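The block underneath contains the structure these notes are about, expressed in structure tokens.
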Amino acid sequence: MTVTNSESLSKDIVIQVRDLRKSYNGLVAVDGISFEVHHGEIFGMLGPNGAGKTTTVEILEGLRDLDSGEAYINGLDVTKNSKRVKGMIGVQLQQNAFFDNLNLRETLELFATLYDSDMSPEEALEKVDLAERAKSQYRHLSGGQKQRLSIAVALVNDPVAMFLDEPTTGLDPQARRNMWDLIDGLRSEGMAIMLTTHYMEEAEVLCDRVAVIDHGNIVAIDTPQALIDQLKSRGAESVRKDGVLTLEDVFIDLTGRSLIE
Amino acid sequence: MRIYQAFIIAELKMFLRDRAALFWTLAFPTVMMVVFGLFNFGGFEPPEIGIVDRANNDASRVLVSVLKGEFDGEPLFNVPDSEDEDTLRADILEGDITGVMVIPEGFGEPGSTSVIDLTYDGRSAQEAEAARTILAQVLDGVFKTVADVPPEYRVENWATVSLTEVAGRGQGYKGFVVPGIVSLSIMQSALFGLVFTLVRLRNQGVLKRLHATPINPRHYLAGLLFTRMLLLIMQTYVLLLVGIFVSGVEVSPGYAMFWLEVIPLIILGGFGFAALGLAVSGIAKTENTAAPLANIITLPMMFLSGVFIPHSVIPDWVVAIAKWLPLTFLADAMRAMVNSGETLFIQGASLLGLLVWAAISFALAVKAFRWE
């Protein structure tokens with residue numbers, strides 16, 4: 001991917017990544033990735049475990065150093081302004097957790113203070129439909145409720161960008177659909193949302209654009225429909241009995257492997 | 001400032017809700033105190049008994065030699081140097097020794113029956129009883145049978161022991177062990193408390209989530225340490241009250257300021273152990289490696305720092321090392337203040353020792369701390 005001048009100057013770019021590289025002890029995790037995410041857009045990174053999705057996201061979140069390349073949020077270099085960047089983004093980590101013995105209200109109060117925000121716990125809980133559980137301690141929540149709380153906490157500072165690292169992994173189908181509705185609703189708040197997933201259905205349902213990532217490289221980047229259309233024009237066949245092409249087929253076609261092994 | 005405040009409030013709430021932790025913090029040392037108080041494992045040391053020898057004849061000299069262990073090397077009594085009766089009686093009242101035995105004139109003369117008076121501190125009744133038993137055995141049995149005693153002194157029924165109780169200030173073994181357990185509990189609560197809290201939160205991913213907010217480690221750790229210090233103060237007060245009302249020891253007799261002066265001691269000692277806990281939590285990856293590591297640090301101190309076992313009964317070369325341990329400094333200062341009513345301000349050596357340990361531990365903790 002090359003970034004043209006017109007794109008980099010575009011005012012509505014919130015997240016911008018150029019030729020990002022990162023290895024751990026000689027093992028390449030991210031091998032030269034470039035993309036950008038706009039206001040009001042849900043951008044998906046679709047790939048198997050170990051493809052480099054989490055590393056990319058955690059560099060943007062200011063949790064990891066990068067080896068080379070550039071990463072900006074709202075024009076701020078994340079490596080140089082990590083505290084400021086942390087203050088203006090919303091984060092849901094892959095293994096997200098809060099204090100077991102605090103109730104939801106207290107958790108949100110605490111995090112509002114950490115982000116120097118005056119959003120009330122009630123307002124944040126309302127947004128994720130957890131208002132009636134304000135007095136429950138975190139440890140008593142179901143898996144889906146925990147994920148929704150982590151979205152509420154991520155919203156507490158009115159972020160310009162939201163990072164969701166595998167937001168529905170481990171959830172039952174009902175809870176997954178609830179999360180999809182919730183994330184879809186966030187789009188209207190105007191922030192840039194970047195989510196990683198290894199569920200092709202999730203990417204198809206939620207994402208405006210998808211980057212297919214494998215072995216630390218982006219192998220394709222486009223709208224889900226465009227990726228499927230391109231595949232169709234190459235005359236590929238579906239793995240499904242009904243013959244409908246999906247992102248799963250796109251992934252197999254691009255990498256020669258299935259998404260979930 | 002708001003951030004520090006928010007963490008302190010959150011930490012306090014969490015701690016009060018963690019009933020199991022609250023229970024174990026107080027229950028375990030309480031049980032230890034009760035057990036050590038009741039069963040009196042003070043038998044490590046021979047009782048401290050002064051001897052006044054009014055007879056000063058061959059028989060009395062043999063008796064004193066046996067008690068001092070001059071025949072086979074094992075002293076039965078720990079005999080102070082002074083032989084002056086008035087000095088020794090004053091020592092009982094001060095709680096410095098357990099009792100005084102007076103060997104009457106004419107002791108051991110053929111055909112006579114002497115009565116040896118053993119005056120003892122009522123506070124140290126258990127130790128006095130042990131001393132009486134030893135003395136009776138020596139008089140009644142050992143003189144007859146021990147090969148080391150010259151045959152001419154192996155006679156029967158020539159002396160008995162009478163007991164006289166006085167009210168002294170001695171606290172005996174429980175007076176030794178209560179401040180020891182209080183100090184030990186400060187170490188355990190500070191070190192293990194920090195290790196397990198941090199390792200658990202790190203494994204759960206809570207610390208990483210905090211790292212994703214625009215705060216510094218000090219914001220979070222200050223709250224954690226502050227609440228731990230509050231807990232240590234509360235815990236120490238509770239355990240000292242258990243010492244007073246359950247074990248029956250006197251805490252800092254006649255010096256009420258103790259209850260305030262002990263606070264800086266708790267904080268200085270507790271901070272060092274908490275920082276050590278922080279360092280351990282940074283070094284250990286999981287709870288499975290954290291527990292053995294924390295135990296390797298605390299177990300030797302439990303036995304070497306004069307908590308249960310007085311330094312007077314462990315080898316000198318061990319004491320030479322053990323006296324530099326942080327728990328030794330804490331237990332020494334605590335014991336001096338609790339037992340003798342000494343002020344905090346004359347514990348300079350112990351406080352300096354604790355300060356150095358706290359600085360070392362804190363430097364280690366800063367280096368080892370990890371969010372994930």
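Some values worked out for this structure:
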quantity: Filtered residues of the stretch A:105-137 (kept if more than 13 Å from chain B (Cβ to nearest Cβ) and either assigned to a helix (DSSP H, G or I) or farther than 22 Å from A:Leu186 by Cα (or both)); calculated: A:Glu122, A:Glu123, A:Ala124, A:Leu125, A:Glu126, A:Lys127, A:Ala131, A:Glu132, A:Arg133
quantity: Positions within the stretch A:138-159 being part of a loop (DSSP other than H, G, I, E, B) and within 18 Å of the chain's Cα centre (by Cα), in sequence order; calculated: A:Val156, A:Asn157, A:Asp158, A:Pro159
quantity: A:Leu66, sole failed condition from (1) more than 9 Å from chain B (Cβ to nearest Cβ); (2) not in a loop (DSSP other than H, G, I, E, B); calculated: (2)
quantity: Matching option when the condition is on the phi > 0 side of the Ramachandran plot, more than 14 Å from chain B (Cβ to nearest Cβ) and surrounded by fewer than 16 Cβ atoms within 10 Å (Cβ to Cβ), among A:Asn25, A:Asn49; calculated: A:Asn25
quantity: Qualifying position, being in contact (Cβ under 8 Å) with a residue 24 or more places away in the chain, outside any loop (DSSP other than H, G, I, E, B) and under 20 Å from the mean Cα position of the chain (by Cα), among B:Gly353, B:Gly306, B:Gly282; calculated: B:Gly353
quantity: Answer residue from the stretch B:72-86, given it is in contact (Cβ under 8 Å) with a residue 12 or more places away in the chain and closer than 20 Å to B:Gly122 by Cβ and is nearest to the chain's Cα centre (by Cα) among those; calculated: B:Asn78
quantity: From the options B:Val52, B:Val62, residue that is modelled with pLDDT of 85 or more and more than 14 Å from chain A (Cβ to nearest Cβ); calculated: B:Val52
quantity: Unique match (being within 14 Å of another protein chain (Cβ to nearest Cβ), more than 26 Å from B:Leu268 (Cβ to Cβ) and modelled with pLDDT under 95) among B:Asn203, B:Asn216; calculated: B:Asn203
quantity: Options B:Ser112, B:Ser82: the member that is exposed (fewer than 14 other Cβ atoms within 10 Å of the Cβ), in a loop (DSSP other than H, G, I, E, B) and not assigned by TED's automatic domain parsing to the domain that holds B:Ile244; calculated: B:Ser112
quantity: Selection status of B:Glu287, more than 14 Å from chain A (Cβ to nearest Cβ) and either of a type in the set (Ser, Thr, Tyr) or under 23 Å from A:Leu93 (Cα atoms) (or both); calculated: yes
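The values are calculated or read from the model by the stated rules, or taken from the named source; none is laboratory data. For clarity, every value in this text was computed on a predicted model and none was experimentally measured. All Cβ positions, even for glycine, are placed from backbone atoms using ideal geometry, and neighbour counts span all protein chains on display.
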